[in-house]
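To keep things clear, I will list the structure first and then write my remarks on it.
The values are calculated or read from the model by the stated rules, or taken from the named source; none is laboratory data. This one's a predicted model, so the numbers in the text were calculated from it and none came from an experiment. Neighbour counts are summed over all protein chains in view; Cβ atoms, including those assigned to glycine, are modelled from backbone coordinates with ideal geometry.
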Amino acid sequence: MCPPVWGGALDALKAKLPIAWIGEKIHYYPSLESTNDRAMQLAADGAPHGTLVVADEQTHGKGRDGKVWITRPGTSLAFSLILRSTLLNAENLHRFIGLGAIAVVDGLGKTGLNSSIKWPNDVLVNDKKIAGVLLEGSWRSERIEFATLGIGINVDRGSIQEDDRMDYPAISVSEALGSSVNRESLLIDILEALAGWYPRVSDQDFVSHWDTHLAYKGDEVILGEETAGVRGKLIGLDRNGSLQIDTERDGVVNARHQSSLRRYSVQPE
Ligand code: BTN
């Protein structure tokens, strides 16, 4: 088990916040259905940019495409950050998902782990999923009024149950490192990375850093549906942070949509 950071040491966490604009307001819950849902409610009620929602347990945490992301108490990191930014628009949404993923990659890097990003929102270690990012926005006509950047990380071995491995192989930080880590320090490192990259989310050095950590470069991949998806060799990100796939049929295709990516493997007849 991880040290019981969230009970006793919540004060220590608060003492290290805010980090830049993050965590002036922090809402901690021992148990919650979903930090993203709670953050969206708080934002709708006027909570400011940078408000942080953290839970020790999530009973109905949300993953992409309607999947459930369960967070077991004492084992994981589950948090959501409220964002209010004029940069949040349909054109740029992918950058903010990349921002969450890059912050996790950088935070994990501080523990000594090398990780990569499986477009758009999965963080992998040894080709297994260690973390996921979920960005949700509240739209007002063409504009996004506010968004919630939710991040879930498998920290301790107990964070993963056998049935979690069905969808995609999963791994925890402790399993990957062979030793346990302190959730509070990991959270702080991730928030520091997020605060550092946030002002540069439109810059070229952010896109380059994101591209450097993209998984499956040079591999044959499919983006989207098995039959109707884009299939080809993954080149990487272009200057705008769109995915570039070299296809046989249409040449290089640039995709910014949030369909998930996987390696293409020929099915046995
Ligand atoms: C995915 O991989 O499909 C995304 C998973 C995102 C899970 C996190 S945990 C904190 C935040 N609150 C939620 O309900 N979901 C995100």
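Things worth noting here:
- Only one entry in 144, 151 is of a type outside the set (Asp, Glu), crowded, with 20+ Cβ neighbours inside 10 Å and under 20 Å from residue 74 (Cβ atoms), namely 151.
- Total residues in the range 5-19, condition more than 21 Å from the chain's Cα centre (by Cα) and modelled with pLDDT under 90: 9
- Unmet requirement for residue 72, which otherwise passes all of (1) farther than 23 Å from residue 179 by Cβ; (2) surrounded by fewer than 19 Cβ atoms within 10 Å (Cβ to Cβ); (3) touching a residue at least 40 places away in the same chain (Cβ under 8 Å); (4) within 15 Å of the ligand (Cβ to nearest atom): (1)
- Looking only at residues of the range 106-138 that are in a strand (DSSP E or B) and either at positive phi or of a type in the set (Ser, Thr, Tyr) (or both), we find that the one that is surrounded by the fewest Cβ atoms within 10 Å (Cβ to Cβ) is 138.
- Residue check, residue 47 modelled with pLDDT of 95 or more and more than 22 Å from residue 170 (Cβ to Cβ): yes
For (1) out of contact with any Lys or Arg (no Cβ under 8 Å at 6 or more places or on another chain); (2) within 15 Å of the ligand (Cβ to nearest atom), each residue gets a yes or a no:
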| residue | (1), (2) |
| --- | --- |
| 126 | yes, no |
| 130 | yes, yes |
| 134 | no, yes |
| 140 | yes, no |
| 168 | no, yes |
| 179 | yes, no |
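- The range 27-54 - residue that is among the small types (Gly, Ala, Ser) and over 16 Å from the mean Cα position of the chain (by Cα) and, of those, surrounded by the fewest Cβ atoms within 10 Å (Cβ to Cβ): 46
- Among the residues of the range 36-59, those identified as within 12 Å of the ligand (Cβ to nearest atom) and either closer than 18 Å to residue 21 by Cβ or touching a Leu at 6+ places or on another chain (Cβ under 9 Å) (or both) are 36, 38, 39, 52, 53, 54, 55, 56, 57, 58, 59.
- Here residue 103 passes the criteria (1) within 11 Å of the chain's Cα centre (by Cα); (2) outside any helix (DSSP H, G or I) except the one numbered (2).
- Beta carbons closer than 6 Å, at least 6 apart along the sequence or on distinct chains, pair a first residue in the range 86-100 that is closer than 19 Å to residue 131 by Cβ with a second that is of a type in the set (A, V, I, L, M, F, W, C) and in a loop (DSSP other than H, G, I, E, B) for 95/201; 99/201.
- Candidates 238, 205, filtered to the one that is acidic (Asp, Glu) and surrounded by fewer than 14 Cβ atoms within 10 Å (Cβ to Cβ): 205
- Residue among 81, 77, 93, 87 that alone is under 17 Å from the mean Cα position of the chain (by Cα), hydrophobic (A, V, I, L, M, F, W, C) and either at positive phi or more than 10 Å from the ligand (Cβ to nearest atom) (or both): 93
- Elements of type helices (runs of 4 or more DSSP H) in the range 153-269, at least 1 residues being modelled with pLDDT under 95: 183-197
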